[in-house]
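Throughout, read-outs are computed from the coordinates displayed, never taken from laboratory work. Note that the coordinates shown come from a computational prediction; the quantities given were computed from them, not determined experimentally. Ideal geometry is used to build each Cβ from the backbone, glycine not excepted, and the neighbour counts take in all protein chains shown.
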């Protein structure tokens, strides 16, 4: 009972913080008002936004000038997303091992409460945050999950995988996110 109340309290706090961040972004003009007519794709410039992750930290999504960002977009109710989680964990750990400065975050299409419960159960090695609104999901062109998305420092999508990743694709994602890390690791083994 106490755990359920704590989770509910965390979800309410997270929801309030994300509403505050969304309102602040809208009032400062940082949020795009255009809605893509297609699903997320390469060369699409993503709108920047800030959200609270399930640990209460602010996470800047598609932040300009902040380096590459790796987004795992999922729904806790999605079996394909659940099947893809081990690959996402492997990618996150490999990037950490390679000392990449890429930002890795999972964005949930579910509500705050469900997202918090999922993150507590799965304990992923990366930040997890809910999209602050359905409108933001639309602006990101999220029409299906799971999605693995690489975004460059200018907020432009460089690669999209729209299914659970296989072993070969794990290496492809790591190389796309941090090609210099892969080269550095290859040179150090010679």
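Restricting things to alpha carbons, find the Rg to Rh ratio for region 76-119 using the Kirkwood radius for Rh. We get a ratio of 1.03 for region 76-119. Normalised by the number of residues in region 105-187, the average gap of Cα pairs under 8 Å and 6 or more apart makes the relative contact order 19 percent.
Can you put 161, 88 in order, fewest other beta carbons within 10 Å first?
Least crowded to most crowded, the residues run 161, 88.
Based on the reciprocal of the average 1/r between different C-alpha atoms, the Kirkwood radius for region 47-190 equals 15.3 Å. In terms of its Cα atoms, region 113-167 spans 33, 31, 23 Å along the principal axes, sorted from long to short. Taking the centroid of alpha carbons for each part, region 157-190 and region 78-146 are 18 Å apart. The protection proxy used here, the mean number of other Cβ atoms lying within 10 Å of each residue, ranks peptides 53-60, 73-80, 103-110 as follows, highest first: 103-110, 73-80, 53-60.
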